[in-house]
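The values are calculated or read from the model by the stated rules, or taken from the named source; none is laboratory data. This structure is a prediction, so every number in the text was calculated from the model and none was measured. Because the Cβ atoms are built from the backbone with ideal geometry, glycine has one as well, and the counts that use them run over all protein chains shown.
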């Protein structure tokens with residue numbers, strides 16, 4: 001294994017540690033580590049200081065924005081016999097479940113009875 005491959009693996013391990021402990025996405029964890037000069041302990045301390053500085057409400061808002069972004073970039077696809085019946089962003093599916101839970105329950109039961117398959121896939125960019 002070359003030195004650059006070993007260094008890359010160490011950096012990836014550090015990113016995984018920060019992601020596991022903070023819940024940050026890959027890009028944010030990488031940026032935090034770069035700011036901390038790739039010191040995991042320092043990155044975690046900086047993250048906690050940032051949380052204290054921002055306050056609880058802004059952390060909740062930023063997490064909510066991140067979840068909405070992930071939901072908008074992931075589709076739920078319902079198929080019947082390899083034919084796509086419905087394809088919507090996950091966010092829309094969650095919103096529909098909140099606003100019309102009985103309708104979504106009926107749709108779920110219908111999918112089970114007609115042996116539809118449900119797939120989650122990233123949005124295809126053109």
Next on the checklist: I'd like the full set of residues that are part of a helix (DSSP H, G or I), in contact (Cβ under 8 Å) with a residue 12 or more places away in the chain and under 20 Å from residue 67 (Cα atoms), limited to region 23-39.
Outcome noted: 29, 30, 32
Item to check | Some residue of region 48-70 being in contact with a helix residue (DSSP H, G or I) (Cβ under 8 Å, 6 or more places away or on another chain), within 30 Å of residue 7 (Cα to Cα), modelled with pLDDT of 85 or more and in the same structural domain as residue 7 (by TED's automatic domain parsing) | outcome: no
Checklist entry - Quick check: anything in region 2-22 in contact with a helix residue (DSSP H, G or I) (Cβ under 8 Å, 6 or more places away or on another chain), assigned to a helix (DSSP H, G or I) and closer than 20 Å to residue 122 by Cα? => result no
Checklist outcome for this item: In the set 113, 95, the lone residue that is without any contact (Cβ under 8 Å) to a residue 12 or more places away in the chain, surrounded by fewer than 11 Cβ atoms within 10 Å (Cβ to Cβ), outside the structural domain of residue 28 (by TED's automatic domain parsing) and farther than 30 Å from residue 47 by Cα is 113
